Amino acid sequence: MSEKINFQAEVNKMLGIVINSLYSEKYIFLRELVSNASDACDKLKYLQLTTPDIAKGNGELKITITPNDKENTLTVADNGIGMNKEDLISHLGTIAKSGTADFVANMKENGSPADLIGQFGVGFYSAFMVAKKVEILTRKAGEEQAWRWVSDGADGFEISEAEKTGIGTEIKLFLKDDDKNFTDTIYLRHLIRTYSDHINYPIVLNLGEAGEETVNSASALWTRNKAEITVEQYRDFYRHISHNFDDPWMTLHFKAEGSIEYTALLYIPSTQPYDLFQPDKKQGLKLYVNRVFISDKVEELMPNYLRFVKGIVDSSDLPLNISREMLQQNALVAKIRHGIVGRLLKELKKKSENYEDYLKFWQNFGTAFKEGIYEDFGNREEVAALSLFASTADKEKLTTLDQYVARMKEDQKSIYYITGDDVKVLANNPQLEAFKQKELEVLLLTDPIDEFWTQALATYKGKAVKHVSQADADLSFERKEPRAEAGNLEKLTKMMADMFKDEVGKVEVTEKLTASPVSLTVESGQMSIHLERLMRNHQQQTAFASTRILEINPYHPLIIKLSETMEDTALRPKTEEVARILLDQAKIAEGEPIADPSFYAAKVSDYILKSF
């Protein structure tokens, strides 16, 4: 008796897009099904390390492809780990990830659908591009009961008990009339050799009465000599392990010898995955021991800030029966991690010499990469040196810290920065006016992580790293314009301090402003306004709120005029009104909310009208 189960809502939406969209590369379904079969063989091979008899009599692990032009069907079978009922429901009835709504939106709006299928890890569903019905017969290793899964890709699927000799999975596609070419053995042979030659198990083409033919070379790509591997083979292996459909931006293949020996084949994608900043997403590299698959996505092999790196590591020095707990504590794993991170950073250093090419990497992964300045104490300066930043020195190109240091004035002791939400807004922040006047460069930092790595990196190449509000430079300069009278200025600051006692801690006169009448800053040593806002937005704010300081420019005509009204008590209401507008202006410049937006808008409109 069969059981009918509906697809998860997101799967339904996604299938509608996949089935009804036009694809120029329908053959991607075959690559995906072969990759999934390879993964199933990997998992069984690993399981056999601890349970040798679980697949007794199973024979050589392989993938078999059987075309049937008379029935117009194509079957992809493996004798890997197989699935039970629960696996079928969880793997093929739902997209077991958060962010599924993003997937549907991106499929409709962005880029190549093939890219997105790989990006979101739903390659199995690409079978419905060519199949009007898919039937799966599977039996899990260690279990006697087999199961049949059937779906037409509409609104759900049916599961029923079945019989199957041997473990593994058979996926039978009932091809659409327009896709009969996928029963052509010549075409299938071409697709397998072109896109799946790197698979580490024999891919056997079942030719019926003519027998069977192993089509691929069935050797681990990473064990081959680099000189013998083509760019296309590297690319196809990247697509196999990452389930992406882009080309890798960088490929790094090397063998380490010495106190520990291992081979690594690492890739940096050319496109950013949708879940790069998803906290529950498991990242990491595939681990092999003597070409035996051990574990998928081993997080211990790669620090979190390099979580976008894909690839494999194969070592003969690790034990075959290494467990998850041993991976976390094994000193050899730590050495491998140290080695591959070092090689990656060296390779990135070479790539950074081509600014335009490196910028592509930075735009995709720079925000994550900068986390290494905060997290990776041992490589902190190397990561910082490879990072790019917006700066007041160049509006067209991003800069490195080394380039900043090379441009520093002879007597300049610190690297200065300011944080905020937008580069253009930051570039016009009132706090930078004195820096521009003195021709001191300032980094414009807009990523949340910038608030944290700047605290971790106290110095770089002997230069202190400081927020503009903590500047140790002499920002004074000769002023020839009129200045507000000291007595009136003191009365004005006192009045404003009393007015805004619930919003700012102090009102002070500053010599650092040139064009703006006021600015908002914090006490020395306290968290920036931007960081406090970030924490507040994540419900983490409170105990250590910074003390706001409203700075006023005694040379600005508006401040001079305002200070002169302090002699006339009849003008006090108007003075207080203008003072309120000035505080609102200072808050807006810092990206802070103002107390009464409607008051501010009405008064600004009123003053503009009076100016005509």
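Brief remarks on what is shown
- Across region 390-500, Cα pairs under 8 Å and at least six residues apart give a relative contact order of 30 percent.
- The residues of the chain expose, per residue, 47 Å² of accessible area to a 1.4 Å probe.
- Sites Lys494 and Glu381 - FRET efficiency at Förster radius 41 Å, r taken between beta-carbons, to 0.05: 0.30
- Estimated distance in nm for a label pair at Val231 and Leu609, the labels positioned 7 Å out from Cα along Cα-to-Cβ: 6.6 nm
- Label-reachable residues, region 510-530, where backbone N falls under 18 Å from a point 7 Å from Glu564's Cα toward its Cβ: 517
- For Ser90 and Glu158, the difference between the fully extended length at 0.36 nm per residue and the C-alpha to C-alpha distance is 23.1 nm.
- Taking the accessible area of the chain, probe 1.4 Å, and keeping the other protein chains in place, the carbon and sulfur fraction comes to 49%.
- Low-density loop cleavage sites - trypsin sites (Lys or Arg not before Pro) in region 46-83, where at most 10 other Cβ are within 10 Å (DSSP): Lys56, Lys70
- Under the simplified labelling scheme, the Glu478-Leu571 pair shows an inter-label distance of 3.2 nm, with each label point 7 Å from Cα along Cα→Cβ.
- Each Cα pair under 8 Å and six or more residues apart adds its sequence gap; the mean of these over the residue count of the chain is a relative contact order of 9 percent.
- Degrees between helix 231-242 axis and first principal axis of the chain (Cα, 0 to 90, nearest 10): 80 degrees
- Cα centroid of region 179-218 to Cα centroid of region 459-474, whole Å: 63 Å
- Residue-span extension gain [Ala545 to Glu3] - 0.36 nm each, minus C-alpha spacing: 189.3 nm
- Cα→Cβ-extended label distance, 7 Å offset, between Lys350 and Ala334, nm: 3.0 nm
- Added length on full extension, which subtracts the Cα-Cα distance from 0.36 nm per residue, Glu396 to Lys436: 12.7 nm
- Region 394-399 - phi-based ³J(HN,Hα) in whole Hz, Karplus 6.51/-1.76/1.60, Gly and Pro as x: 8, 7, 8, 10, 6, 10
- Listed candidates [x] 28.7; [y] 26.8; [z] 25.2 - label of the one calculated as Kirkwood radius over Cα pairs in Å: [x]
- Cβ-derived FRET efficiency at R0 25 Å, Ile186 paired with Lys133, nearest 0.05: 0.50
- Neighbour cut-off at most 14 other Cβ (10 Å), DSSP loop, trypsin sites (Lys or Arg not before Pro), region 556-594: none
- Between the Cα long axis of helix 572-589 and the first principal axis of the chain there is an angle of about 30°, rounded to the nearest 10.
- Between helix 597-610 and the chain: long-axis angle, C-alpha atoms, 0 to 90°, nearest 10: 50 degrees
- Gyration tensor verdict on region 340-395 (Cα atoms; rounded if a/c is under 1.5, prolate if a/b is larger than b/c, oblate otherwise): oblate
- Along its three principal directions, the equivalent ellipsoid of region 301-372 from the Cα gyration tensor extends over semi-axes of 29, 13, 9 Å, largest first.
The values are calculated or read from the model by the stated rules, or taken from the named source; none is laboratory data. Quick caveat: nothing in here was measured; it's all calculated off a predicted structure. Heads up, the Cβs are rebuilt from the backbone with ideal geometry, glycines too, and the neighbour counts pull from every protein chain shown. SASA here: full protein model, heavy atoms, side chains in, ligands and nucleic acids out. Shrake-Rupley method; radii C 1.70, N 1.55, O 1.52, S 1.80 Å.
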